[in-house]
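Undergrad: For reference, the structure I am asking about is given below.
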Amino acid sequence: MIDVNYTLINIIAGVIFSSLIAGFGYKKESLSKSGFIGALIVGTIIFGFGGWIWFTLLIAFFVSSSILTKYKLKAKKHLAEKFAKGGRRDFWQALANAGVGSIVAILLLYHMLTGSIEFSFETFYASIFTAAFIGAMSTVTADTWATEIGVLSKEWPRMITNWKKVPPGTSGGVSKLGTLCSLAATLFIALAAIICIEIDALFHLGRLHGDILWILPVSVIGGLVGALVDSIMGATIQAIYYCDKCKKETERKIHLCGEKTRQIRGISWFSNDLVNFLSSLVGAIVASLIYILIV
Ligand SMILES: [Zn+2]
């Protein structure tokens, strides 16, 4: 059964904290206006139905990604044209990155409403829903860290499908630096989850939970497989365009120079946002499977 008071407090806290953090992101130019609305929606759902620990993982993703996007902005400027969108994240990007996490939160609510899950903090920490949520967040964090830092790699990345060297920033390209960043991101999310759960356990159970080391393999394997699927889709079905004027590959339909681009590979409606959404879904599923296997 659901704890109504607990959920109500979480929804109110979700609205407050989401507005504060999304407002800050808008002011700092990490979010566009529509991105602010998107972040407010997913933030409220995730805090409201998942609780403060899930919300903290969302913030860990959002804040670390925003910082890395701004990191070495000058060195990345010439690469900006390759990416479909600039540094400001819009509504669809918010849904692409936190949509799967929000769906998992809604599923958790559904199971609590129908009574198939009894609300208790003990079971709450160690549930397949938490595993799925961690897998989704780990995937989008791994993808963002790899993209934002990986493009700075001195070494040219290799296309994941045919292993040919491609210019930095090419969708589907993987580098050593990018892969290390992905791994670091999955460990970062795991560590954040473990610390939050232990703090919450101290508060609600009066002792450490202790039995949550499964989070490490769930986050690392879920996140890395999700990020791998992201690269494979980026190399195959994601729509990629070419600017004839600048002779450059891009994710944009209209190039930064103003020229209309032409599609050179992928499926026209398969945007980068859809790729991110689907890869985080894969991350969530893989994380759930690992959870079932080891817990
Ligand atoms: Zn151009």
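Undergrad: Output the residue which, of all residues in the stretch 216-264 that are within 16 Å of the ligand (Cβ to nearest atom), surrounded by 15 or more Cβ atoms within 10 Å (Cβ to Cβ) and polar (S, T, N, Q), is nearest to the chain's Cα centre (by Cα).
TA: Checked the stretch 216-264; the qualifying residue nearest to the chain's Cα centre (by Cα) is T250.
Undergrad: I need the full set of residues from the stretch 147-192 which are in contact with a strand residue (DSSP E or B) (Cβ under 8 Å, 6 or more places away or on another chain), of a type in the set (A, V, I, L, M) and in contact (Cβ under 8 Å) with a residue 24 or more places away in the chain, in order please.
TA: M159, I160, V174
Undergrad: Restricted to the stretch 268-281, and to residues that are under 24 Å from A142 (Cβ atoms) and assigned to a loop (DSSP other than H, G, I, E, B), which residue is nearest to the ligand (Cβ to nearest atom)?
TA: In this case the residue turns out to be S271.
Undergrad: For the stretch 54-129, list the helices (runs of 4 or more DSSP H) that sit wholly inside it and hold at least 3 residues that are surrounded by 18 or more Cβ atoms within 10 Å (Cβ to Cβ) and at pLDDT 90 or above; which are they?
TA: Per the criteria, 91-113.
The values are calculated or read from the model by the stated rules, or taken from the named source; none is laboratory data. Model, not experiment: these values are computed from the prediction. Cβ sites come from the backbone with ideal geometry, for glycine too, and all protein chains shown count toward neighbours.
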